[in-house]
Amino acid sequence: MLKQMKILTKLELCNLCGLNVLRFSRDKRAKKKSLGLLAIWIILLAMLIFYVGGLTYGLIYSGLEETVPAYLITLSSALIFVFGVLKAASVIFRKEGYDILCALPLSKGSVVVSRLLRMYVEDLIMTLAVLLPGMAVYAWNLHPGAGFYLTGLLGLGSIPLIPIAASIFIGALITGISSRMRHKSLIAASLSILAVLGIMYGSSRLSAMDGGIDPEMLQNLSATVMALLRKVYPPAVWLGTAITREDILSGVLCAAVSLAVFAVVAAGVVLCFQKICESLYSSAAKHNYQMGALKASTVLSSLCRREFRRYFSSSIYVTNTIIGPVMSCVLSGALLVTGPETLKKLLPLPIDVGQVAPFVIAGVFCMMTTTATSISMEGKNWWIIKSLPLSAKNILDAKILMNLLLLLPFYLLSELLLIFALKPGAGELLWLVLIPAAIILFSCVYGITINLRFPILEWESEVRVVKQSASSMLGGMGGFLLAILCAVAIGIVPKGYAVYLRAGICVVILAATAVLYRKNNLFDICGRI
């Protein structure tokens with residue numbers, strides 16, 4: 001079994017971040033794309049190092065050096081847990097390769113463990129990216145003893161274990177429940193979204209409970225921060241305290257507890273792995289089919305229905321793209337409940353909420369568009385759509401229309417809540433409706449543009465496309481960054497010039513959308529993809 005685990009783990013990790021393509025591919029275009037993706041990861045890593053280093057220095061400068069290890073461990077664990085909940089089930093119970101593995105003389109334990117080790121390696125890299133810069137700044141400023149480095153080294157590998165175990169437990173539970181239902185992917189996506197919203201709600205309630213800090217707490221701010229971290233994630237405080245106090249025995253004990261929790265969850269997944277997979281990928285054929293009336297549809301409507309079927313067949317695709325629209329409706333509802341005046345008091349700068357709100361809501365809508373990965377999600381079936389007598393405009397219009405129709409009910413609900421919350425006049429109402437619509441339309445077309453340049457059709461898991469590709473990062477965040485930049489511009493200009501700036505922003509965005517749309521329709525999808 002150990003030999004099987006070693007071989008399967010090697011297969012799982014051999015093409016991590018596209019490194020195998022970069023090493024052995026003879027396709028120069030594929031190598032350029034891999035180099036571009038690697039450059040993007042390096043830039044993001046540099047930004048993360050700069051942010052974590054600055055955060056650590058700020059904590060030390062404020063006299064909170066005792067909280068640095070616990071704070072960084074909590075931060076990395078939260079990232080691992082949130083992203084793990086969204087991808088755990090798709091990684092462990094993925095369909096691709098399942099038929100081949102079932103036919104081979106392999107134990108289900110070795111298959112599960114190899115996939116868990118892949119998750120562990122990916123999350124360990126994230127942990128190192130967060131912990132190492134912060135701990136380096138900590139060591140440079142405070143000059144701790146050898147016990148600090150030894151305890152940190154022993155505990156570093158155990159940090160991802162409990163967050164991974166928690167995300168796997170939730171992911172397996174959601175998948176196990178949905179596998180017994182008819183619309184498996186849709187139910188799994190709905191449960192995942194509810195889990196994420198529950199996590200966010202719990203975090204907000206925790207912040208609200210600890211919002212009132214009296215003068216006595218300010219005198220012992222370090223203890224106050226540690227108490228808050230203890231409520232958020234106690235294992236981070238245990239290990240962080242062991243590192244700062246150079247307590248090697250406590251560090252080893254924390255690592256052992258984390259490993260035990262991970263092992264228990266892994267054993268549970270091994271026991272239910274085959275049963276869940278059989279429920280997910282087996283289907284019963286009925287023999288009572290009867291020919292009904294045939295209906296003719298236009299090319300656009302037929303392709304659009306096809307896009308919807310593909311979309312709802314993938315739970316991770318639905319979860320990662322629908323969470324933004326759902327959050328937009330939640331934020332609009334929260335603004336209606338709290339009121340603009342209450343929000344103004346909470347903001348550090350005097351900002352007109354009515355002017356900035358349309359851009360913020362639009363940015364949340366555009367956090368991850370379906371078009372940013374819609375071509376890559378075709379995978380090995382892309383040749384089918386290319387072989388049909390269809391133009392690039394026919395294919396791409398269907399993908400854009402599907403995204404717009406998906407967002408439409410959320411957009412209408414969010415706009416309705418904003419109107420009741422802000423009570424705008426006729427002029428403000430026009431911008432409240434037009435600005436989010438223009439930015440959403442741009443983000444859909446921009447997502448197609450990016451995915452045409454960075455398609456990934458050879459993938460073993462949908463996680464690779466939805467969460468780890470260049471298209472998902474660049475295409476999914478384009479509209480979001482545009483909306484935030486426009487919100488900042490509106491917030492800093494004088495109120496008298498805001499109406500002209502908003503008009504100019506809408507004209508520029510719609511013009512850019514038209515230019516990108518035309519270029520996309522002229523793209524040679526048969527020759528270049």
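The values are calculated or read from the model by the stated rules, or taken from the named source; none is laboratory data. These figures come from a predicted structure and were not determined experimentally. Glycine gets a Cβ as well: all are built from the backbone with ideal geometry, and neighbour counts include every protein chain shown. When the accessible area is computed, the model is the full protein with side chains, heavy atoms only, and any ligands, DNA or RNA have been set aside. Shrake-Rupley method; radii C 1.70, N 1.55, O 1.52, S 1.80 Å.
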When the range 491-505 is checked residue by residue, the ones that are touching a residue at least 60 places away in the same chain (Cβ under 8 Å) and either closer than 17 Å to PRO424 by Cα or loosely packed, with under 11 Cβ neighbours inside 10 Å (or both) are LYS495, ALA498, VAL499, ARG502
In the range 379-393, residues that are open to solvent by 60 Å² or more (accessible area, probe 1.4 Å) and assigned to a helix (DSSP H, G or I) total 6
Expected output for the range 160-174 (first residue in contact (Cβ under 8 Å) with a residue 40 or more places away in the chain and among the acidic types (Asp, Glu), partner open to solvent by 30 Å² or more (accessible area, probe 1.4 Å) and part of a helix (DSSP H, G or I), Cβ below 8 Å, 6+ apart or cross-chain) is none
Taking the conditions exactly as written (open to solvent by 70 Å² or more (accessible area, probe 1.4 Å), under 25 Å from the mean Cα position of the chain (by Cα) and of a type in the set (A, V, I, L, M)), does LEU405 satisfy them or not?
yes
Restricted to the range 48-74 and to residues being of a type in the set (A, V, I, L, M, F, W, C) and closer than 18 Å to LEU153 by Cα, the residue surrounded by the fewest Cβ atoms within 10 Å (Cβ to Cβ) is VAL68
With criteria (1) surrounded by fewer than 17 Cβ atoms within 10 Å (Cβ to Cβ); (2) in a helix (DSSP H, G or I), VAL364 comes up short on (1)
Practice prompt. Answer yes or no as to whether LEU142 is touching an Asp or Glu at 6+ places or on another chain (Cβ under 8 Å), surrounded by fewer than 18 Cβ atoms within 10 Å (Cβ to Cβ) and at pLDDT 85 or above.
Written response: yes
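How many residues, within the range 271-312, are among the aliphatic types (A, V, I, L, M), within 30 Å of THR373 (Cα to Cα), modelled with pLDDT of 75 or more and assigned to a helix (DSSP H, G or I)?
4
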Item to check | Boolean, ALA426 is surrounded by fewer than 22 Cβ atoms within 10 Å (Cβ to Cβ) and modelled with pLDDT of 90 or more | outcome: no
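State yes or no: is VAL85 open to solvent by less than 10 Å² (accessible area, probe 1.4 Å) and closer than 30 Å to GLU12 by Cα?
Yes: the conditions hold for VAL85.
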